[in-house]
1. Give me 220, 363, 92, 418 ranked fewest to most by other Cβ atoms within 10 Å of their Cβ, as a rough exposure proxy.
2. Which residues does the label zone of residue 170 cover in the stretch 116-131, counting backbone N under 14 Å from a point 7 Å along Cα→Cβ?
3. Dimensions of the stretch 287-475 along principal axes (Cα, Å, largest first)?
4. Using Cα centres only, tell me the gap between the stretch 141-220 and the stretch 98-120 in whole Å.
5. Tell me the Kirkwood radius of the stretch 434-474: reciprocal of the mean inverse pair distance over distinct alpha-carbon atoms, in Å.
6. Compute the FRET efficiency between residue 376 and residue 475 as 1/(1 + (r/R0)^6), taking r as their Cβ-Cβ distance and R0 = 22 Å, and round to the nearest 0.05.
7. With N set to the number of residues, divide the alpha-carbon radius of gyration of the stretch 23-278 by 2.2 N^0.38 Å and report two decimals.
8. Under 17 Å from a label point 7 Å along Cα→Cβ of residue 66: give me every residue in the stretch 235-261 with its amide N that close.
């Protein structure tokens with residue numbers, strides 16, 4: 001987004017991030033989480049262009065315009081507000097070597113104007129309407145949003161439709177904005193020891209998948225990137241037939257559809273480039289890296305390759321992995337914090353577990369920790385692996401499962417409490433290759449996970465042929481190094497994922 005990389009803490013303690021798409025995970029400023037590669041299952045188009053597809057979730061409606069743009073509208077009449085989101089299925093996963101970071105750079109350039117709207121004017125107009133807006137780039141997609149009073153929906157739809165087709169890219173705007181992006185990278189990754197460890201870990205974890213590259217881009221690619229690279233990316237992927245518009249709030253769906261026809265409907269589509277699938281070669285043996293960076297404390301992260309959710313009905317392991325992460329770290333008294341952090345014999349100052357299976361490509365299960373005084377990262381690694389081994393041998397209790405499933409329900413209710421959260425939930429499911437129609441079913445499948453299924457995934461995936469261990473070796477912090485100041489144009493909210 002026009003700012004920040006994600007913290008490398010992946011705690012599930014505030015509730016499962018699954019059904020996913022947790023609003024918090026989406027908004028956290030983020031480096032590059034690990035996500036995908038495989039192409040999504042094909043969808044059946046509407047029988048007639050512009051026809052209403054129907055809704056299996058209450059008050060949710062899907063339409064398809066004649067130019068291929070998909071429109072999903074969810075009604076929520078509790079307050080006179082609307083969230084308007086445009087999701088492009090193009091992220092750093094779709095980049096080629098030499099141009100890493102171009103998806104994120106183009107996101108920045110989308111605020112630099114069209115023939116009708118001058119540089120910076122988009123944001124000023126949204127603010128004048130009383131709204132808020134931002135954007136985010138991830139490995140799987142790029143998303144732009146506005147939240148406004150319902151009577152101003154037509155205004156922001158017209159603004160987004162304009163820049164979907166008429167963006168003007170110039171060296172005059174590109175070069176200073178690249179300086180903003182480079183400073184963003186320095187602040188969010190290069191000056192963050194944990195973010196640096198995470199970036200290096202991903203580069204070792206994946207051999208073939210573009211998930212090995214940071215969403216914000218490698219410094220050498222940012223140095224050589226040109227305005228033409230951004231222009232090429234825009235012309236490849238920013239087309240109505242690669243866009244999904246999600247609108248949630250106090251709206252009439254049929255009126256929204258008519259607005260979409262008048263704004264987005266007049267845009268011309270074009271053929272999309274081929275998407276290349278790159279399957280990961282089989283890993284043979286554990287991989288280890290040690291990263292030196294200025295930091296106060298050592299830190300270790302264990303990353304296991306695990307499967308993403310592809311088929312809501314047939315896939316079982318992703319649900320069990322999500323529940324396993326919550327058993328380990330899904331609430332205050334979960335296994336990891338209870339056994340490793342609390343008490344007089346505590347081994348760690350902090351430990352976390354996390355899994356997110358809603359990706360276009362490969363997923364990972366993360367365990368990480370910071371050793372307490374007098375202890376080492378080797379002890380943390382051993383203790384984390386011992387907890388997985390224990391579950392593989394002994395399983396989990398029904399009492400633990402009951403508690404975790406209560407967390408799932410609570411998190412889902414909380415996530416849907418805002419129109420913004422509802423839009424994020426729908427859009428992230430769609431971008432991963434699932435459908436908004438799957439969301440309630442995903443929740444039911446998580447609630448049906450058994451102790452035997454959790455024990456089985458602990459046995460199957462947590463072995464050295466799936467493992468990368470990254471260890472931070474703290475270096476002295478320069479007390480005289482001045483703190484970086486955000487450059488003009490950098491935002492504090494939002495982020496990369």
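Derivation of every value follows stated rules applied to the coordinates shown; laboratory data play no part. Owing to the predicted nature of the structure, the values given are computational and were not obtained by experimental measurement. When we count neighbours, we look across all protein chains shown, and the Cβ atoms used for this are built from the backbone with ideal geometry, even at glycine.
1. The fewest-first ordering by Cβ neighbours comes to 220, 418, 363, 92.
2. 116-121
3. For the stretch 287-475, the Cα extents along the three principal axes come out at 50, 35, 34 Å.
4. A separation of 9 Å, based on Cα centres.
5. Working: mean 1/r = 0.0748 Å⁻¹.
So the Kirkwood estimate lands at 13.4 Å.
6. For R0 = 22 Å, the calculated efficiency reads 0.85.
7. Values: Rg = 18.5 Å, N = 256, 2.2 N^0.38 = 18.1 Å.
For the stretch 23-278, the normalised Cα radius of gyration comes out at 1.02.
8. Only 240-241, 257-261 pass the distance filter.
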